[in-house]
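Input: a single structure, listed below in structure tokens.
The values are calculated or read from the model by the stated rules, or taken from the named source; none is laboratory data. Since we're looking at a predicted model, the values are computed, not measured. Here the Cβ positions follow ideal geometry from the backbone for every residue, glycine too, while neighbour counts run over all protein chains shown.
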Amino acid sequence: MAEKLKYDRGTLLSIFKTDRAEDFAALVVALAIVVLVVLFVPR
């Protein structure tokens, strides 16, 4: 029988060492986008 391969989440393509660092960077980018939208989109 063939061995079942462990699910690969694509971590080799990531520039971060850990998933937590990647999640934190995504949060920072999302918050920066929110701030820019609030500052630059007229009401």
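Remarks
- Condition check for Leu31: surrounded by 10 or more Cβ atoms within 10 Å (Cβ to Cβ), on the phi < 0 side of the Ramachandran plot, at pLDDT 70 or above and more than 14 Å from the chain's Cα centre (by Cα): no
- Selection of first residues in the range 19-31 that are touching a residue at least 40 places away in the same chain (Cβ under 8 Å) and of second residues that are loosely packed, with under 11 Cβ neighbours inside 10 Å, restricted to Cβ pairs under 8 Å at least 6 apart or on distinct chains, gives an empty result.
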